[in-house]
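Notes follow once the structure below has been shown.
Values quoted throughout were computed directly from the atomic coordinates according to the rules given, and no laboratory measurement underlies them. Worth saying up front: this structure is predicted, and the values here are computed from it rather than measured. Every residue, glycine among them, receives a Cβ derived from its backbone with ideal geometry; neighbour counts consider all protein chains shown.
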Amino acid sequence: MSTFDPGFLWGAATSSYQIEGAVAEDGRGPSVWDTFAATPGAVRGGDTGAVAADHYHRFPEDIALMAQLGLRAYRFSLAWSRIQPTGSGPVNQRGLDFYRRLTDTLLDHGIQPWPTLYHWDLPQPLEDAGGWPVRDTAERFAEYAALTHEALGDRITHWTTLNEPWCSAFLGYATGRHAPGRREPAAAVRAAHHLLLAHGLAAEAIRDDDSHVGITLNLTHVTPLTTEPADLDAARRIDGMQNRLFLDPLLRGAYPDDVLDDLREVTDTGHIQDGDLKRIGAPLDHLGINYYAPMLVAGSTAPVQSAYVGSPLVRVADGGRPKTAMGWEIDERGLLDLLLRLKADYPAVPLYITENGAAFDDVVEQDGVAGAVRGAVRGAVRQVVHDADRIAYLDGHLRSCARAIGQGVPLKGYFVWSLLDNFEWSFGYGPRFGIVHVDYATQRRTLKDSAHWYAEVIRCGGL
Ligand code: IFM
């Protein structure tokens, strides 16, 4: 039996554009994801977040589900363009009021609000002015953080500045797989720095005696395919871009020299100004980790176009393990190795798994007598989703968490990704990560077996 400390924070996570819908309501301005999703060919099937899981209107029902599951915390993100429709200027009171209602309803149910200020939905006017490759965007973000904290700081204690800046920078500006869809490697490198600076400036603006401030990174455990020099170098480079480019400035106050050398292929470092790293490296109150899969990497003889700008001669290899519906290898050992590496290589900071989960091809069934109950009153039909593969995934990864804690890793909480099925970015509504199934035609919610299982884990305080 793996047990967790009674204070361990059990939660589930979502993000604004992936679940809220209501993109044109109550004064919300457009974000880069509205624009990108409307671009032909950008998102599979032409899906958009216009309605999503309609959480904007259904949040009371969703919070009731969270309470039913016994969640202690709910990680969500605030849509910057609801609060400042153009990304700067005065607050849009109606947008702010939505998050106030959401927060109050969570608190009424004894669920800790755990907001992220930015989960990729940059207000479009800021992108029109240059986006994250431009330093001014970081200043605007700090202003937005300050006024949001001013409005909600009386009821929220734990703040996360950014979710996965690696994705914002390198998927948004290098591969173009994410909004705003630009393919400009040098701009991506500048974006990465300005995102980190945005974190530093925002943290400075909102940290006070009652507020804990952190950031969430998507980290992985990287291993080389063989011990050949080309594979070892590939592993160094990918680990550098995916992990150390963010961890080192945040936790050690300096960029890793080898990564800066790799990136010199793409751009100089003129955008890094004196004092930036001091701000970025100010002590964190917590570090959020999003972990899904490990990476096995190798050298490549032919150039590969990827998010790993400056390192064209690297490729991702197949470790031969079972995969999720995203094609991501399932390996909970990677999470343990990652956590132990953080403990070994970086100063101690309270850690939270802010995302972990898996997409599988879920099947909705009518309980017991499939088909025979079709004519019955809809509410009387019990829908079920037997997602044993998701339970196995979560179970394995939680065991890694328990083992890491046993070996001294300061891991304080875990958030399943995701509470609800949702808009999976350029994959549209195909992949389902939720422990709660969403029927997008009716917006009916159905607890999957994994939700019942997770509720039991929380109730027992372990596995
Ligand atoms: O859905 C995303 C989320 O928005 C950020 N982290 C990874 C998840 C699964 O791809």
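Here are a few things to note about the model shown:
- The stretch 391-412-the stretch 25-51 distance, computed between alpha-carbon centres (Å): 36 Å
- Positive minus negative residues near Phe170 (Lys, Arg vs Asp, Glu; Cβ under 12 Å): +2
- Straight-distance crosslink candidates among lysines, where the alpha carbon sits under 16 Å from Lys278 and sequence neighbours closer than 8 are dropped: none
- Order of Thr14, Thr35 - criterion: other Cβ atoms within 10 Å of each residue's Cβ, fewest first: Thr35, Thr14
- Taking each residue as 0.36 nm, the span from Glu456 to Glu265 lengthens on full extension beyond its C-alpha to C-alpha distance by 63.6 nm.
- Comparing Ile83, Leu152, Gln18 along the charge dipole axis of the chain, the residue lying farthest to the positive side is Gln18, per the Cβ-charge model.
- Per-residue ellipticity at 222 nm computed for the chain from its helices equals -11000 deg cm²/dmol, with DSSP H segments shorter than 4 residues left out and the rest contributing -39,500 (n - 2.57).
- Only aspartates and glutamates eight or more places from Lys412 in sequence, or on another chain, were considered; those with a Cα closer than 14 Å are Asp5, Asp285, Glu355.
- Note on Asp367 and His57: the model spin-label points, each 7 Å out from Cα along the C-beta direction, lie 2.8 nm apart.
- Gained length - Tyr346 relative to Thr157, 0.36 nm times residue gap less alpha-carbon distance: 65.5 nm
- When the charge dipole of the stretch 373-463 is built from unit charges on Cβ atoms (+1 for Lys and Arg, -1 for Asp and Glu) and taken about the Cα centre, the candidate among Phe433, Ala404, Gln443 whose Cα reaches farthest toward its positive end is Gln443.
- Under the convention that each Lys and Arg Cβ holds +1 and each Asp and Glu Cβ holds -1, the size of the dipole of the chain around its Cα centre is about 620 debye.
- Spatial separation of Cα centroids for the stretch 189-263 and the stretch 1-19, in angstrom: 24 Å
- In plain terms, the residue of Ser168, Ser311, Ser300 with the fewest other Cβ atoms within 10 Å comes first and the most crowded comes last, giving Ser300, Ser311, Ser168.
- Each of Met66, Met241, Met326 has some number of other Cβ atoms within 10 Å of its Cβ, and from fewest to most they run Met326, Met66, Met241.
- Here's the picture: a label point sits 7 Å out from the Cα of Glu184 along the beta-carbon direction, and within the stretch 276-318 the residues with their amide nitrogen under 19 Å of it are 306-310.
- Relative contact order of the chain, pairs being alpha-carbon contacts under 8 Å that are 6 or more residues apart, as %: 18 percent
- Compactness of the chain, expressed as Rg and Dmax over alpha-carbon positions, Å: 21.3, 71
- Taking a straight Cα-Cα cut-off under 21 Å and skipping sequence neighbours fewer than 8 places away in the same chain, the lysines within cross-link reach of Lys448 are Lys323.
- Taking label points 7 Å from Cα along the Cα-to-Cβ direction, Gln383 and Asp318 give a separation of 3.4 nm.
- Taking Cβ atoms as reference points and 14 Å as the exclusive limit, the residues near Asp449 contribute a net charge of -3, counting Lys and Arg as +1 and Asp and Glu as -1.
- Net charge over other residues, Cβ less than 11 angstrom from the Cβ of Ala64 (K, R count +1; D, E count -1): -1
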